[in-house]
Amino acid sequence: MKYGTDNPHPPLRSEIKVGDAVWVIEKANYGTTNYTQGIVAAILSPGGVHPRGIKVRLTDGIIGRVQWKIEG
């Protein structure tokens with residue numbers, strides 16, 4: 001899925017759990033629509049909120065900031 005811009009209200013840390021399906025933006029892709037879909041393996045951000053999204057590691061090793069959770 002390619003959304004037009006980063007989510008202005010990304011999910012809070014309390015809304016993200018290990019095992020969740022999410023769309024993330026990697027640092028190298030900030031400012032683009034190159035989002036990556038994956039499953040959260042670890043939550044890396046220590047705080048509860050971050051303006052760009054909570055940083056996570058996906059099961060395939062990609063590190064990015066959560067833009068959207070995939071409901072379903």
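The values are calculated or read from the model by the stated rules, or taken from the named source; none is laboratory data. Computed from a prediction, not measured in an experiment: that's the story for all the values here. Note that we place each Cβ from the backbone using ideal geometry, even for glycine, and neighbour counts take in every protein chain shown.
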Review point. What about Ala28, is it farther than 16 Å from Pro11 by Cβ and either surrounded by 12 or more Cβ atoms within 10 Å (Cβ to Cβ) or not charged (D, E, K, R) (or both)?
Key: yes
Study note, to complete from the structure: Checked pairs for the range 4-27, first within 14 Å of Arg65 (Cβ to Cβ) and at pLDDT below 95, second surrounded by fewer than 17 Cβ atoms within 10 Å (Cβ to Cβ) and aromatic (Phe, Trp, Tyr), C-beta under 9 Å and 6 or more apart or across chains, list as Asp6/Tyr30
Study note, to complete from the structure: Condition set of a type in the set (A, V, I, L, M, F, W, C) and either at pLDDT below 95 or outside any strand (DSSP E or B) (or both), scope the range 36-50, selection nearest to Asn7 (Cα to Cα): answer is Val49
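Could we say that Gly64 is within 12 Å of the chain's Cα centre (by Cα), over 12 Å from Asp6 (Cα atoms) and in contact (Cβ under 8 Å) with a residue 24 or more places away in the chain here? Can you show your working first?
Working: within 12 Å of the chain's Cα centre (by Cα): yes; over 12 Å from Asp6 (Cα atoms): yes; in contact (Cβ under 8 Å) with a residue 24 or more places away in the chain: yes.
Criteria met by Gly64.
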Exercise for review: Search the range 31-61 for residues being without any contact (Cβ under 8 Å) to a residue 24 or more places away in the chain and in contact with a strand residue (DSSP E or B) (Cβ under 7 Å, 6 or more places away or on another chain), and hand back the single one that is surrounded by the fewest Cβ atoms within 10 Å (Cβ to Cβ).
Suggested key: Asp60
Review point. Can you find a residue in the range 51-65 that is in a loop (DSSP other than H, G, I, E, B), farther than 12 Å from Val18 by Cβ and in contact with a Pro (Cβ under 6 Å, 6 or more places away or on another chain)?
Key: yes
